[in-house]
Amino acid sequence: MGIIKKTMARGLESRLAHIGIISVILINVAALMIETVGEYGVKYHDIFYGIEKWSIAIFTIEYLLRIWTCTVAREYGKAITGRLRFALTPFMIIDFFATAPFYLSFLGLDLRILRIVRLIRIFRVGKLVRYSKAMQTLLQVLKNKHGELVTAL
């Protein structure tokens, strides 16, 4: 009976963590979209920047915790090489690009480059793929039919 309770608790904790991350992603993406409306972007700049700092902090902590704990999985069991291989998986690369623009903005880059880097923030939507079966299905369809889609375009 104790094992069942532990499994249910772990399942509940995992679901709550996923709901929390999904909520942060949705809040962040909504703020990014509203920020593009000229008058709102200027008027509420400080609020949008605060939301971005808050969400980037959460995304960064989540990213680092996943890299730190990936060695639990057998295929990433080695301390350094396992973590490097895990960091190079598609989902982790998406997560890296979702947070990188925020940190790169502090390097004093040329404004044209900074605009491109800010555009990459849309990768935050890609973080949803990890937590949504429907998004995973859509991604699988895109992978399977990419040739036909390219031809149609």
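The values are calculated or read from the model by the stated rules, or taken from the named source; none is laboratory data. Here the structure is a predicted model, which means the values were calculated and not measured. Glycine also receives a Cβ, built like all others from the backbone with ideal geometry; neighbour counts cover every protein chain displayed. Protein only, heavy atoms only, side chains kept; ligands, DNA and RNA dropped before computing areas. Shrake-Rupley method; radii C 1.70, N 1.55, O 1.52, S 1.80 Å.
Numbers for the structure displayed
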{"quantity": "For segment 20-115, alpha-carbon Rg and Dmax in angstrom", "calculated": "16.1, 51"}
{"quantity": "Two-site FRET efficiency, residue 17 against residue 105, from Cβ-Cβ distance with R₀ of 30 Å, rounded to 0.05", "calculated": "0.60"}
{"quantity": "Gyration tensor (Cα) of segment 29-79, equivalent ellipsoid semi-axes in angstrom", "calculated": "37, 10, 5"}
{"quantity": "Of all accessible heavy-atom area on segment 3-96, the percent that carbon and sulfur account for (1.4 Å)", "calculated": "73 percent"}
